[in-house]
Amino acid sequence: MPKSTTTFLSLGSNLNDKLQYLQTAVDSINQNIGSVCAISSVFQTPSWGFEGNDFYNICIEVTTDLTAIAFLEDLLALETTLGRKRSNTQGYENRVIDIDIILFDDLVMKSEKLTVPHPKAFMRKFVLLPLEEIKSDLVFPELNLPIKEVLENCEDNSIVTKTAIQIATKKNTDITKNKDITED
């Protein structure tokens, strides 16, 4: 029997119906890739590294039986299904959906396909704030620092605004931040 792994993802969208893209991504992950255990509030953030529309960002906690690479491949396929088009140009750009693996249990991995922990997560408030909301006692592998300390040391000066918007899964609409799901 495969080992169940806890992973944390950052999801963002800054085109078209941003909330619908986030909702569809969360539902698809929950139904097809792993079990969504926690979902942060929606945070509004300016585009990072380029001029573009504001993003809606969330972090989610997911358990999965997949390997890190298989999990990544499923997430990339989901992005494509939702309409994400990757270009060959350097730099960042507007996108309907962006899904990044931030942590995959305590795995430290650097390969051509995947690096975990995400190499830039500790530099981005739009990742750290929602992540802290759903897992305030999290300790970053490699850094060996609690997320609160990572956030305090973050040099990102972006204005990240927590909204009143909540995303939930259709299958488990009782998912809330910091709450484990138990099914009857």
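If you place +1 on the Cβ of every Lys and Arg and -1 on the Cβ of every Asp and Glu, how big does the dipole about the Cα centre of the chain come out, in debye to the nearest 20?
Numbers: 18 positive and 27 negative charges, 75 e Å.
The calculated dipole for the chain is roughly 360 debye.
From the backbone phi of the stretch 28-44, what are the Karplus-calculated ³J(HN,Hα) couplings (6.51 cos²θ - 1.76 cosθ + 1.60, θ = phi - 60°) in whole Hz, Gly and Pro given as x?
Per residue, the Karplus-derived 3J(HN,Hα) values read 5, 4, 5, 8, 10, 10, x, 9, 6, 9, 8, 9, 6, 5, 8, 10, 9 Hz.
What ³J(HN,Hα) values, in whole Hz, does the Karplus curve 6.51 cos²θ - 1.76 cosθ + 1.60 give for the stretch 92-103 when θ = phi - 60°, with x put for Gly and Pro?
9, 8, 4, 7, 6, 8, 9, 10, 10, 7, 8, 9
Calculate the dipole size of the stretch 20-127 relative to its Cα centre from +1 charges on Lys and Arg beta carbons and -1 charges on Asp and Glu beta carbons; express the result in debye to the nearest 20. All intermediate terms of the calculation are to be shown ahead of the outcome.
Values: 9 positive and 14 negative charges, 68 e Å.
I would put it at about 320 debye.
Just grab the label-to-label distance for Leu143 and Glu112, each label 7 Å out from Cα along the Cβ direction, in nm (one decimal).
According to this spin-label approximation, the distance is 2.9 nm.
Just grab the label-to-label distance for Ala77 and Thr161, each label 7 Å out from Cα along the Cβ direction, in nm (one decimal).
Taking the two extended label points, one gets 3.8 nm.
Within the set Lys135/Lys162; Lys85/Lys110; Lys85/Lys162, which residue pairs have Cα atoms separated by over 19 Å?
Working: Lys135/Lys162 16 Å; Lys85/Lys110 24 Å; Lys85/Lys162 28 Å.
The answer is Lys85/Lys110; Lys85/Lys162.
State, as an integer percentage, the relative contact order of the chain based on alpha-carbon contacts under 8 Å between residues 6 or more apart. Before the final figure, lay out each step's value.
Numbers: 355 pairs, mean separation 57.1, N = 184.
In percent, rounded to a whole number, it is 31.
Apply the Karplus curve 6.51 cos²θ - 1.76 cosθ + 1.60, θ = phi - 60°, to the phi angles in the stretch 75-83 and return the couplings in whole Hz, x for Gly and Pro.
Values, residue by residue: 5, 5, 5, 5, 4, 5, 4, 7, x Hz.
Read the figures in this text as sums done on the coordinates, not as results from a lab. Not measured: the values here are computed from a predicted model. Virtual Cβ from ideal backbone geometry, glycine too; neighbours counted across all protein chains shown.
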